[in-house]
């Protein structure tokens, strides 16, 4: 097993997160998961969009692609297609993934690439100072919706299940060891894996606190049949008691990169004539 310190950025790296932010434990959890799976920094890629959660790969010594708002998933898919040997993670917040990136979220599930999608779900837009996000609870008051959110919240687990996602899970940053095991299972899964992680925003969401998530959440027990999609949907639609753990998983569905690469060889695996390449370069001198 690797030492998780190999993923640490140099001491003194400026951290943009607020003290007590739920992003800190997720950063630690991802490091632990990668280390315990013996995934070297050079063999991992993390893609993100915009937001406080999307800054996570800035604080990890791995390859990363930080793109536009809502655009964490397209480069993650492209990278996995280009080099399937890499461990690819898309990591952003609930606004970036389910709001601006909603279209990509839907069609990534359809394609089933072998990537892990970790969503930091604090039910608020943290970077832009507390606007309601897709997962904000109805009635939540904030600087924009001063009388409270008037629409129903987006249900990412139910949407993922209805689109035939092959791995759907929910975790909570207050439980480090359980969350680590959930994310390890997601990385090991062959296909698209959604891990929606409850992560309190201690500054802009005073309603959904660490204690609130602890009181509402519970772990599915060992008797839960994670291959039963209908039971998984029942759990996903229960917003009074929030199920944690691997809610659904099925194996055997072909991955997108397998289908795309069928019968072809990517450029990085093809040999080339060094002499011919040098001659071509010489024509531009």
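The values are calculated or read from the model by the stated rules, or taken from the named source; none is laboratory data. Because the structure is predicted, anything quoted here is derived from the model rather than measured. Glycine also receives a Cβ, built like all others from the backbone with ideal geometry; neighbour counts cover every protein chain displayed.
Name the residue, out of 175, 196, 152, that is in contact with a helix residue (DSSP H, G or I) (Cβ under 6 Å, 6 or more places away or on another chain) and either within 16 Å of residue 98 (Cβ to Cβ) or at pLDDT 95 or above (or both). Steps first, answer last, please.
Working: 175 fails: in contact with a helix residue (DSSP H, G or I) (Cβ under 6 Å, 6 or more places away or on another chain); 152 fails: in contact with a helix residue (DSSP H, G or I) (Cβ under 6 Å, 6 or more places away or on another chain).
From the options 175, 196, 152, the qualifying one is 196.
Just checking, which of 54, 76 is more than 25 Å from residue 174 (Cβ to Cβ), in a helix (DSSP H, G or I) and under 11 Å from the mean Cα position of the chain (by Cα)?
Unique residue meeting the criteria: 76.
Does segment 111-153 hold any residues that are assigned to a loop (DSSP other than H, G, I, E, B), within 30 Å of residue 260 (Cβ to Cβ) and either over 17 Å from the mean Cα position of the chain (by Cα) or touching a residue at least 60 places away in the same chain (Cβ under 8 Å) (or both), and which are they?
112, 113, 114, 115
When you go through 168, 81, 159 one by one, which is the residue that is touching a strand residue (DSSP E or B) at 6+ places or on another chain (Cβ under 9 Å) and either outside any loop (DSSP other than H, G, I, E, B) or within 16 Å of residue 56 (Cβ to Cβ) (or both)?
After ruling out the rest, the residue left standing is 168.
Please specify each residue of segment 200-218 satisfying the condition of being at pLDDT 95 or above and in a loop (DSSP other than H, G, I, E, B).
Scanning segment 200-218 gives no hits.
Determine whether segment 250-257 contains at least one residue that is free of Cβ contacts under 8 Å to residues at least 40 places away in the same chain, in a loop (DSSP other than H, G, I, E, B) and more than 23 Å from residue 133 (Cβ to Cβ).
Looking for residues that are free of Cβ contacts under 8 Å to residues at least 40 places away in the same chain, in a loop (DSSP other than H, G, I, E, B) and more than 23 Å from residue 133 (Cβ to Cβ), one finds at least one in segment 250-257, hence yes.
Tell me whether segment 36-55 contains one or more residues that are surrounded by fewer than 23 Cβ atoms within 10 Å (Cβ to Cβ), under 18 Å from residue 105 (Cβ atoms) and touching a helix residue (DSSP H, G or I) at 6+ places or on another chain (Cβ under 9 Å).
yes
Taking residue 233 as the residue in question, decide whether it is surrounded by 15 or more Cβ atoms within 10 Å (Cβ to Cβ), out of contact with any strand residue (DSSP E or B) (no Cβ under 6 Å at 6 or more places or on another chain) and either at pLDDT 95 or above or on the phi < 0 side of the Ramachandran plot (or both).
In short, yes.
Report the residue count in segment 193-216 for those that are in contact with a strand residue (DSSP E or B) (Cβ under 7 Å, 6 or more places away or on another chain) and either crowded, with 24+ Cβ neighbours inside 10 Å or in contact (Cβ under 8 Å) with a residue 60 or more places away in the chain (or both).
First, pick out the residues of segment 193-216 that are in contact with a strand residue (DSSP E or B) (Cβ under 7 Å, 6 or more places away or on another chain): 193-199, 213, 216.
Now narrow it down to the ones that are either crowded, with 24+ Cβ neighbours inside 10 Å or in contact (Cβ under 8 Å) with a residue 60 or more places away in the chain (or both): 193-199.
Residues that pass the stated criteria total 7.
Does residue 227 fit the bill of being in a loop (DSSP other than H, G, I, E, B), exposed (fewer than 12 other Cβ atoms within 10 Å of the Cβ) and touching a residue at least 12 places away in the same chain (Cβ under 8 Å)?
Judged against the criteria, residue 227 is a match.
Before we move on, is residue 257 closer than 30 Å to residue 80 by Cα and at pLDDT below 95?
Answer is yes for this residue.
Against the condition assigned to a loop (DSSP other than H, G, I, E, B), touching a residue at least 12 places away in the same chain (Cβ under 8 Å), in contact with a strand residue (DSSP E or B) (Cβ under 6 Å, 6 or more places away or on another chain) and over 18 Å from residue 198 (Cα atoms), how does residue 39 come out, does it pass?
Working: assigned to a loop (DSSP other than H, G, I, E, B): yes; touching a residue at least 12 places away in the same chain (Cβ under 8 Å): yes; in contact with a strand residue (DSSP E or B) (Cβ under 6 Å, 6 or more places away or on another chain): yes; over 18 Å from residue 198 (Cα atoms): yes.
Here the answer is yes, as residue 39 does meet what is asked.
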